[in-house]
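The numbers here are math on the coordinates, done by the rules we state, and not lab data. What you are looking at is a predicted structure, and each value in this text was computed from that prediction instead of being measured. In this analysis, Cβ positions are derived from the backbone assuming ideal geometry, glycine residues included, and neighbour counts consider all displayed protein chains.
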Amino acid sequence: MRSLHENTGGDVMRRKNLLLAILIFSLATACAFSAAPLFKTTGLVKPGDMVKYGSYEIIKLGEGIYQIADRGDPKARAGGLIGTDMYMVLGASKALLIDLGNNYIDGFPGDLIPPRANAAEEFLAVVDGLRGKLPLEVAITHAHPDHIGMTRAFQGRKTTIWMPKGEDLESVKTRFEGKIDPSVYTIFDHETKVFDLGGGRVLKPLLVRGHSNGCTAYLLAKDLMIFTGDTLGTGTGRSLRSAANLRLFAEDTKKLVDYLMNNLSPYERRSLKVFTGHSVESKIAGFLSPNHPALDLDWLDWRFIQDQALCAAAVLKGMWTVPDSGLRMMEMIHNQTGQPVNVMLYGIGGIQIPVEVAYEAAGLPLPKK
């Protein structure tokens, strides 16, 4: 009979090999279940076609141009509630993804967003499915949580993530509790940077401050599209909380109008489509005033850009106090909070601004109650 102590070394080796095989199998199985299958564009044939993938809706806007829509979570708040729209533009030599939406990898308690299983894999499956074999770069409109949330999905990838000059990157550390390192962003200057994707597709970044100090819109002149993030608002009024921010907004929207006047023909301007960072709000007056019928819009237009600039200029002049000036002050009810919101309206342009701030910016005394 064999001693219990015989061949111990061989038994140990066999157990080690077995454990190693189990570990390899477990890792392979985990990868198989955690990696989402690549998104395929076969259902996106003509502009307006939409397919769903996981928590995202992907909409074809034009040949090689796509909207990636996160429709939000009804249990969340702010950007988590309304969701965020990202955009993919394909050129002949590279692809550009505009914005990175909400953070579903770690969640974001500030907006009541919980983490989601396989969030990074699902997001990258959409991004990689759209870009195909083209090298990818990312351009951010501004550094707010609902526009940079999926930054960590690119950890370990050699993907340049461009951030406009002027954004407060220290706040990124604070808001995300150190989970997103601001050093991953490459800062660009609006005066010198363009995004040349090849084949004539060039995106020009245009500074429109007010919502933030580096807030940026990206003009794709060849296709008569502009991707505005939160620069202009979304049809419900750009929220501006201080007189200083209103002045910046008025200055830069005027510059934006001038740039488009000088670089696009009248026909091109009339054909320009404005794609915002929160398309659900493009139903004008939809969420601010639930008793007002919403308009069925998928994008805004040149008139909206002009009216936003005219609205800001008129508020600075106190024109809501002048009869028939075109500027109206209205109180609407915000259906997320149920609270009254003061809105200045000019045409289809609008600015949400506290009454006292509007009077301060215009240099007018606040009426006594």
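Cross-link partners for Lys317 among the lysines, with Cα-Cα distance under 17 Å and sequence neighbours closer than 8 places in the same chain left out: Lys254. Placing dummy labels 7 Å off each Cα toward the beta-carbon, the span from Glu63 to Ser271 is 1.4 nm.
Ordered by the number of other Cβ atoms lying within 10 Å of each residue's own Cβ, fewest first, Met344, Met332 fall into the sequence Met332, Met344. Maximal additional length on extending the Arg77-Asp168 stretch stands at 30.5 nm, based on 0.36 nm per residue less the C-alpha distance. Measuring nothing but alpha carbons in the range 203-286 and taking Rh as the Kirkwood radius, the Rg to Rh ratio lands at 0.96. For Gly110, the shell of other residues with beta-carbons less than 9 Å away shows a net charge of +1, using +1 for Lys and Arg and -1 for Asp and Glu. Sorting Arg152, Arg270, Arg71 by the number of Cβ atoms found within 10 Å of their own Cβ, with the fewest placed first, yields Arg270, Arg71, Arg152.
Could you tell me whether the range 140-222 comes out rounded, prolate or oblate from its Cα gyration tensor? Rule is a ≥ b ≥ c as square roots of the eigenvalues, rounded for a/c under 1.5, then prolate if a/b exceeds b/c, otherwise oblate. Since a/c reaches 1.5 but b/c is at least a/b, the shape of the range 140-222 is classed as oblate. Straight-line cross-link partners of Lys222 among the lysines, defined as a Cα under 20 Å from its Cα and at least 8 positions apart when in the same chain: Lys46, Lys60, Lys94, Lys193, Lys204, Lys273. Couplings 3J(HN,Hα) of the range 127-137, computed from phi: 4, 5, x, 6, 7, x, 9, 6, x, 10, 10 Hz, in residue order, whole Hz [Karplus 6.51 cos²θ - 1.76 cosθ + 1.60, θ = phi - 60°; x for Gly and Pro]. Under 5 Å between amide hydrogens, built in the peptide plane, is the criterion, and for Asn213 it picks out Asp168 among residues at least 5 positions away or on other chains.
If you take all other residues with their beta carbon under 15 Å from the beta carbon of Pro205, and give Lys and Arg +1 and Asp and Glu -1, the sum is -2. Using a cut-off of 13 Å between beta-carbons, work out the net charge of the residues near Asn262 (Lys and Arg +1, Asp and Glu -1, Asn262 not included). Computed value for this residue: +2.
The length gained on full extension between Asn213 and Glu177, counted as 0.36 nm times the residue separation minus their Cα-Cα distance, comes to 10.8 nm.
Going from the fewest other Cβ atoms within 10 Å to the most, the residues Phe227, Phe188 appear in the order Phe188, Phe227.
Taking the DSSP bridge list for the range 36-231 and keeping only pairs wholly inside it, about 75 percent are antiparallel.
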